[in-house]
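Single-structure report; data block below.
The values are calculated or read from the model by the stated rules, or taken from the named source; none is laboratory data. Predicted model, so just to flag it, every value in this text is computed and none were measured. Positions of Cβ are generated from backbone atoms using ideal geometry, with glycine treated the same way; all protein chains shown enter the neighbour counts.
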Amino acid sequence: MPEPRSLRIAVVGSGPAGFYATAHLLASGSHVEVDLIDRLPTPWGLVRLGVAPDHPKIKAVSRAFEKIAGRDGFRFLGNIDVGKDVSVAELEELYDAVVYSVGAQTDRGLGIPGEELPGSWAATEFVAWYNGHPDYQHLSFDLSGERAVVIGNGNVAVDVARMLALTRDELSPTDTTDAAIDAIVGSGIREILVLGRRGPVQGAFTPTEVQELGEMADADIIVAPEDLELDAISEAELADAPGTTKRNVDLLREFAVREPSGASRSIRLRFFASPVAILGTEHVEGIEIAHTELVAEDDGRARAVPTGERETIDCGIVFRSVGYRGVPVVGVPFDEARATFRNELGRVLDDSGEPKPGVYCAGWIKRGPTGVIGTNKKDATETADLLIEDALAGRLGDETNPKDPQALPELLAGRGIDVVAYSGWEAIDTLERERGEAEGRPRVKLSTWDELLTTARAGHETQ
Ligand code: NAP
């Protein structure tokens, strides 16, 4: 196979998809250089700031990212807001190709009254807060009420429910922020009610996560046996379902026959309960739900329809956990319906549906917010392969115009942007781990912009 010419590629977004795309591109030949760019001074995306802190094994994928960062041709450029500090047009001019792996940066709305009331939170805000994301540390979650409601039946909903019920002993060995540990442990919450609009067979959560709900140190798991009496639609779906769904249902059946142990908190999973309104005047005081039943759609999907029966449940806080949503970056074609960049297998498409030369995407901004971390490997590899194919076919612009590695750093320096290099991140990483070691924790995160940038700067100076 002929080698492509020397390539300088920018990968925007240093979460799993960005790292996997980078790895595959760097592995394609010694002539490839990748600048992995992030808005934050820290890499790893949701592995650092989304994965629940009590899931260190999942977070350990960062070791693979560290190895990728050690390869020839790799450079990390943090603290760059693409679309603001540098325009998409400028970036695409400075590199032979750009891969956007910016994830899905906001939450899907419910579109129900009361959604904007104080005390109604996107689960993603809570997740970012307890994980030490520097943009979310000013938030203050009022956890004084006895009941918290989590809307949705995905793994994020399960994470939030579990985090709210962990004890100090369970939280202390993690890298949850100290503020979050104190708030969770000291909260008045006695019940965490997780609402699924469909049934247990249709849950989007995965068995490992469901199982953990039954293994909490001081929280009971409660499921009503009648929710496990499956109708014909669910029976048929379960018969054809993957093993993971069967395992979910087995676990839930086991929970349904458990006697509560009298633990300090309980996590109650309720199914066939669709949110109609979040109630309250000044702040959240309750939630109105519609009871639902399933109807089979033509596409085979079971849909929840209201039975006509409604119910009001008191609660002090609501976490809306109904999925993430991609947001546009000015200058990159966006598919509003899918909330992804308009693309075909990772090649970004222009208004006429033709591939935009040299512009690609990978991960959630390519396919939507689905799958686990590993799903992004296949996804990013597909994109990287197409990029290499385009390079080999001479579709990546002017071969006689080699790109200057200093062009972007110099442009940004001229604009007063303090770019964080990998050595800056390493200084942050080292300090966090040192602080953590003293307390028997993996790390104690720096969670303000000021701390992060000051530490990174000191790291650059000692280089
Ligand atoms: P998700 O898996 O897409 O789940 C969204 C949930 O919200 C579904 O149960 C969905 O129910 C429900 N929902 C959507 N619209 C609703 C509405 N209007 N009213 C009530 N419920 C509604 O999203 P996610 O939990 O944010 O997770 C995102 C991705 O990250 C997933 O692929 C997930 O597996 C992954 N993740 C993995 C882990 C892990 O591996 N430990 C942890 C966190 C996240 P319907 O099915 O009825 O639409």
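Couple of notes before you dig in:
- Filter result (within 10 Å of the ligand (Cβ to nearest atom), assigned to a helix (DSSP H, G or I) and buried (at least 21 other Cβ atoms within 10 Å of the Cβ)) within the stretch 193-208: 202
- Unique match (being closer than 21 Å to residue 167 by Cα and either β-branched (Val, Ile, Thr) or within 13 Å of the ligand (Cβ to nearest atom) (or both)) among 259, 212: 212
- The numbered conditions (1) surrounded by 12 or more Cβ atoms within 10 Å (Cβ to Cβ); (2) free of Cβ contacts under 8 Å to residues at least 60 places away in the same chain; (3) not in a helix (DSSP H, G or I) are all true for residue 454 except (3).
- Residue list for the stretch 304-329, filter: part of a strand (DSSP E or B) and within 18 Å of residue 279 (Cα to Cα): 309, 310, 311, 312, 313, 314, 317, 318, 319, 320
- Enumeration of residues in the stretch 324-380 that are closer than 23 Å to residue 396 by Cα, in contact (Cβ under 8 Å) with a residue 60 or more places away in the chain and surrounded by fewer than 18 Cβ atoms within 10 Å (Cβ to Cβ): 330, 331
- Contact map, the stretch 95-123: residues that are of a type in the set (Asp, Glu) paired with residues that are within 10 Å of the ligand (Cβ to nearest atom) and at pLDDT below 95, Cβ distance under 9 Å, separation 6+ or inter-chain. Pairs shown: 115/109.
- Of the strands (runs of 3 or more DSSP E) lying entirely inside the stretch 1-87, the ones with 2 or more residues being touching a Leu at 6+ places or on another chain (Cβ under 7 Å) and more than 17 Å from residue 383 (Cβ to Cβ) are found at 74-77.
- Selected residue (criterion: surrounded by the fewest Cβ atoms within 10 Å (Cβ to Cβ)) from residues of the stretch 401-442 that are of a type in the set (D, E, K, R) and closer than 29 Å to residue 32 by Cα: 415
- Summed over the stretch 300-352, residues that are touching a strand residue (DSSP E or B) at 6+ places or on another chain (Cβ under 8 Å), within 16 Å of the ligand (Cβ to nearest atom) and within 30 Å of residue 377 (Cβ to Cβ) total 11.
For every residue, the table says whether it meets (1) within 15 Å of the ligand (Cβ to nearest atom); (2) under 24 Å from the mean Cα position of the chain (by Cα); (3) not small (Gly, Ala, Ser).
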residue	(1), (2), (3)
141	no, yes, yes
183	no, yes, no
187	no, no, no
190	no, no, yes
221	no, no, yes
228	no, no, yes
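- Pairs where the first residue, in the stretch 78-92, is closer than 17 Å to residue 420 by Cβ and the second is among the acidic types (Asp, Glu), C-beta under 8 Å, 6+ apart: 78/38; 79/38; 79/418; 80/38
- Only a single criterion out of (1) at positive phi; (2) within 16 Å of the ligand (Cβ to nearest atom) is not satisfied by residue 107, namely (1).
- Answer from 340, 370, 281, 312 - the residue that is at pLDDT 95 or above, hydroxyl-bearing (Ser, Thr, Tyr) and under 14 Å from residue 193 (Cα atoms): 312
- Residue, farthest from residue 356 (Cα to Cα), within the stretch 61-106, restricted to residues that are buried (at least 16 other Cβ atoms within 10 Å of the Cβ), more than 23 Å from the chain's Cα centre (by Cα) and of a type in the set (A, V, I, L, M): 86
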